[in-house]
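Scroll down for the structure; my scribbles are underneath it.
The values are calculated or read from the model by the stated rules, or taken from the named source; none is laboratory data. Just so it is clear, the structure is predicted and the values come from calculations on it, not from any experiment. Cβ coordinates were reconstructed from backbone atoms using ideal geometry, including for glycine residues, and neighbour counts include every protein chain displayed.
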Amino acid sequence: MDRNAALDLLKSRVEADNLFKHSIAAEAIMRALARRLGHDEERWGLAGLLHDLDYAETQNDPSRHGLVTAEILQGKGLDEEIVQAIKAHNAEALGLTRQTPLDLALTCAETMTGMVVATALVYPDKKIKSVKAKSIVKRMKEKQFARGVSRELIMLCEKLGVPLSEFAALSIEAMSKIDEELGL
């Protein structure tokens, strides 16, 4: 599956604008992480783009989130490691263990999108390009800020050998490149 086919599939399954934006933001961070870590940018980007295909139908049943996406992707020529990473981004609810760099990367990347957006929204101009990595690091320590964003999952970046401050900078830069698509 190439990016165009993945994007078509995403558009056919995801109606909510915020979920679509989350998916392309996760893709952008995943591509940047792949470059940073020496992995296949296309493969990692697909994982980011497709990870929440089933969210609309599984949001009230976390024990199915990721599994339904795996079913949707079956027979579409997607690498099994990508499908496994998509399931592993919901490891806690599915009783899975994140094992590969792709598993870890997808989880921390898709979670970081929320922290970057939340931080941008407290800036006067509400622009991602205004966000600084040190602001992300500072906000990570504020438990009441973006309460729904798991700091623990973002910190998986360190298991990849990427310190939080570097991961924050990488994420901001990646999302800044698509800021118009994100509306931020």
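Per-structure values
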{"read-out": "When residues of the stretch 148-164 are limited to those that are within 13 Å of the chain's Cα centre (by Cα) and assigned to a helix (DSSP H, G or I), the one nearest to Lys138 (Cα to Cα)", "value": "Ile154"}
{"read-out": "Output for the stretch 28-49, where each listed residue is of a type outside the set (A, V, I, L, M, F, W, C), surrounded by 22 or more Cβ atoms within 10 Å (Cβ to Cβ) and without any contact (Cβ under 8 Å) to a residue 60 or more places away in the chain", "value": "Gly45"}
{"read-out": "Enumeration of residues in the stretch 71-92 that are more than 25 Å from Glu152 (Cα to Cα), outside any loop (DSSP other than H, G, I, E, B) and hydrophobic (A, V, I, L, M, F, W, C)", "value": "Ile72, Leu73"}
{"read-out": "Asp79 buried (at least 20 other Cβ atoms within 10 Å of the Cβ), among the acidic types (Asp, Glu) and either touching a helix residue (DSSP H, G or I) at 6+ places or on another chain (Cβ under 8 Å) or under 18 Å from Glu110 (Cα atoms) (or both)", "value": "no"}
{"read-out": "Sole exception among (1) at pLDDT 95 or above; (2) in contact with an Asp or Glu (Cβ under 9 Å, 6 or more places away or on another chain) for Ala56, by number", "value": "(1)"}
{"read-out": "Matching residues, the stretch 50-68, being in contact with a helix residue (DSSP H, G or I) (Cβ under 8 Å, 6 or more places away or on another chain), surrounded by fewer than 24 Cβ atoms within 10 Å (Cβ to Cβ) and either of a type outside the set (Asp, Glu) or closer than 17 Å to Gly114 by Cβ (or both)", "value": "Tyr55, Ala56, Thr58, Pro62, Ser63, Arg64, His65, Leu67, Val68"}
{"read-out": "Filtered residue count, the stretch 113-122, keeping only those that are crowded, with 24+ Cβ neighbours inside 10 Å and part of a loop (DSSP other than H, G, I, E, B)", "value": "0"}
{"read-out": "The stretch 156-184 residues that are under 18 Å from Gly48 (Cα atoms), paired with ones that are part of a loop (DSSP other than H, G, I, E, B) (beta carbon under 6 Å, 6 or more apart)", "value": "Ile172/Val131"}
{"read-out": "Ala25 vs. criteria farther than 22 Å from Glu158 by Cβ, assigned to a helix (DSSP H, G or I), of a type in the set (A, V, I, L, M) and touching a residue at least 60 places away in the same chain (Cβ under 8 Å)", "value": "no"}
{"read-out": "Test result for Ile154, surrounded by 14 or more Cβ atoms within 10 Å (Cβ to Cβ) and either under 25 Å from Ala85 (Cα atoms) or modelled with pLDDT under 95 (or both)", "value": "yes"}
{"read-out": "Filtered residue count, the stretch 85-114, keeping only those that are in contact (Cβ under 8 Å) with a residue 40 or more places away in the chain and either among the hydrophobic types (A, V, I, L, M, F, W, C) or under 17 Å from Ala25 (Cα atoms) (or both)", "value": "12"}
{"read-out": "Conditions (1) in a loop (DSSP other than H, G, I, E, B); (2) modelled with pLDDT of 95 or more; (3) under 22 Å from Ala6 (Cβ atoms): number failed by Asp125", "value": "(3)"}
{"read-out": "Of the criteria (1) part of a loop (DSSP other than H, G, I, E, B); (2) under 17 Å from the mean Cα position of the chain (by Cα), which one Glu110 fails", "value": "(1)"}
